[in-house]
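Chemist: First the structure, then my questions, so here it is.
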Amino acid sequence: MTRSLEGKVAWVTGSARGIGKAIARALAEQGASVAVTDIEGDIAKTTAAELAKDFAVKSIAAPLDVTDAAGIESLIKKIQTELGGLHILVNNAGITRDGLLIRMSEDDWERVLQVNLKGTFLCTRAAAKVMMRARSGKIINIASVVGMTGNAGQANYAASKAGVIGLTKSAAKELAARGIRVNAVAPGYIATEMTQGLPEDAKTEFLKGIPLSSVGQPEDVASVVTFLASPASDYITGQVIRVDGGMQM
Ligand code: NDP
């Protein structure tokens, strides 16, 4: 059977584990070569080795902090040299530093904005240059439902994800003429290490607001990203697709 991403090269940030890893696996399952990058380089190596073994694709790993502009430039060269191009970018790396607004430190505000928003901008800018020359490409940003609704205790995170949505729509408009599609996926409550640490009462409260009555899995996000990366979604750009069990309608 032909795989929908055969011959494509994808780069997924923050993909050593969690949602990013599930995305890297889903893209590889469809035949894409995948660059696995993460601030945590050793786990990224293990993930890349798994992809190559499980799906018979080329996969490379590199340590990369998405706030490091110079590191991003050299990584793009490495991807082009070792994997032969760059067709799909998934901006997945993201962090939380939760706290009530009046007690939030400038440091917690800055770091979340740096990683989630500036990191997405820096990777998008670098990848778009390559994709513009090729006159095609797919950029998929992982936002969050709280970027649309806000959330008490997450002013920094919600602001960063609202920013990601604005960046997605602006980039979609700017890059459409060069054949590049830019979309966002907004997950709701997904079972990963990021949400594992939530207090039990907060988890119960979240579940009450989910019509499908269950927590999402990383694979639920990955399958939508794979659709957005594939030719099946070529007429879609500038959109935010929620993957939240109906939390918001
Ligand atoms: P995880 O914390 O499980 O994984 C995130 C990965 O990104 C980790 O491997 C982490 O490394 C890495 N990372 C952190 N900072 C950087 C950085 N500066 N540069 C590169 N990599 C970095 O998170 P999730 O898988 O849950 O989240 C993935 C994305 O999905 C994020 O953008 C998140 O905001 C978004 N999301 C998640 C939801 C959820 O319910 N889980 C809901 C909505 C959105 P390390 O472990 O070393 O920190």
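The values are calculated or read from the model by the stated rules, or taken from the named source; none is laboratory data. Here the structure is a predicted model, which is why all the values come from computation and not from measurement. A quick note on method: Cβ atoms are made from the backbone with ideal geometry, for glycine too, and the neighbour counts reach across all protein chains shown. Heavy atoms of the whole protein, side chains included, go into the accessibility calculation; ligands, DNA and RNA do not. Shrake-Rupley method; radii C 1.70, N 1.55, O 1.52, S 1.80 Å.
Chemist: Just list whichever of 77/118; 58/203; 173/203; 53/161; 45/138 have alpha carbons separated by over 30 Å in the model shown. Don't skip to the end; give the middle numbers.
Modeler: Details: 77/118 20 Å; 58/203 38 Å; 173/203 37 Å; 53/161 34 Å; 45/138 24 Å.
Result: 58/203; 173/203; 53/161 exceed 30 Å.
Chemist: With a 1.4 Å probe and every protein chain left in place, work out the accessible area per residue of the range 1-89 in Å², rounded to a whole number.
Modeler: 43 Å²
Chemist: Under unit Cβ charges (Lys, Arg +1; Asp, Glu -1), what dipole magnitude, rounded to 20 debye, does the range 132-193 have relative to its Cα centre?
Modeler: On the way: 8 positive and 2 negative charges, 94 e Å.
My answer is approximately 460 debye.
Chemist: Quote the relative contact order of the range 18-115 in percent (integer), defining contacts as alpha-carbon pairs under 8 Å separated by 6+ residues. Display every interim value, and only then the final one.
Modeler: Values: 108 pairs, mean separation 21.5, N = 98.
Over the range 18-115, the number comes to 22 percent.
Chemist: Something else about it: What ranking do 29-38, 84-93 get when scored by the average of other Cβ atoms within 10 Å per residue, highest first?
Modeler: 29-38, 84-93
Chemist: Something else now. Counting only protein heavy atoms, what percent of the accessible surface of the chain is carbon or sulfur at a 1.4 Å probe? Mind dumping the intermediate values first?
Modeler: On the way: 6260 of 11670 Å².
Carbon and sulfur together cover 54 percent of it.
Chemist: Could you work out how far the C-alpha centroid of the range 176-249 sits from that of the range 65-100, in angstrom?
Modeler: About 20 Å separates the Cα centre of the range 176-249 from the one of the range 65-100.
Chemist: Once the whole set of protein chains is in place, how much accessible area is left on residue 50, using a 1.4 Å probe, in Å² to the nearest 10?
Modeler: The accessible area comes out at roughly 60 Å².
Chemist: While we're on this one: What does the helix-only formula give at 222 nm for the chain: each DSSP H stretch with n ≥ 4 adding -39500 (n - 2.57), the total divided by the residues, and the result rounded to the nearest 500 deg cm²/dmol? Let's see the in-between values first.
Modeler: Values: 10 runs with 115 residues, N = 249.
Using -39500 (n - 2.57) per qualifying helix, the result is -14000 deg cm²/dmol.
Chemist: Something else about it: I want to verify the translational diffusion coefficient of the chain in µm²/s; compute it with Stokes-Einstein, Rh as the Kirkwood radius over Cα pairs, at 4 °C and 1.567 mPa s.
Modeler: Using the Kirkwood radius from Cα pairs, D works out to 72 µm²/s.
Chemist: Further question on the same structure: Take peptides 164-172, 59-67 and line them up by average Cβ neighbours within 10 Å, highest first, as a rough protection proxy.
Modeler: Numbers: 164-172: 19.4, 59-67: 21.3.
The densest-packed peptide leads the list: 59-67, 164-172.
Chemist: I need the per residue convex hull volume for the range 1-50, using only the alpha carbons, in cubic angstrom as a whole number. List each step's numbers first, then the result.
Modeler: Numbers: hull volume 3.0 nm³, N = 50.
Value for the range 1-50: 61 Å³ per residue.
Chemist: If you count only protein heavy atoms and use a 1.4 Å probe, how large is the accessible surface of residue 40, to the nearest 10 Å²?
Modeler: Roughly 80 Å² of residue 40 is accessible to a 1.4 Å probe.
Chemist: Where nothing but the Cβ of Lys and Arg (+1) and of Asp and Glu (-1) is charged, how large is the charge dipole of the range 43-194 around its Cα centre, in debye to the nearest 20?
Modeler: Working: 19 positive and 13 negative charges, 165 e Å.
The dipole magnitude comes to about 800 debye.
Chemist: Given the options 216, 206, 179, identify the residue whose Cα lies farthest towards the positive end of the charge dipole of the range 179-220 (+1 on Cβ of Lys, Arg; -1 on Cβ of Asp, Glu).
Modeler: Checked the options; the winner is 179.
Chemist: If packing is taken as the mean number of other Cβ atoms within 10 Å per residue, what is the order of 42-48, 127-133, highest first? The partial results should precede the final answer.
Modeler: On the way: 42-48: 19.6, 127-133: 17.7.
Peptide ranking by packing, descending: 42-48, 127-133.
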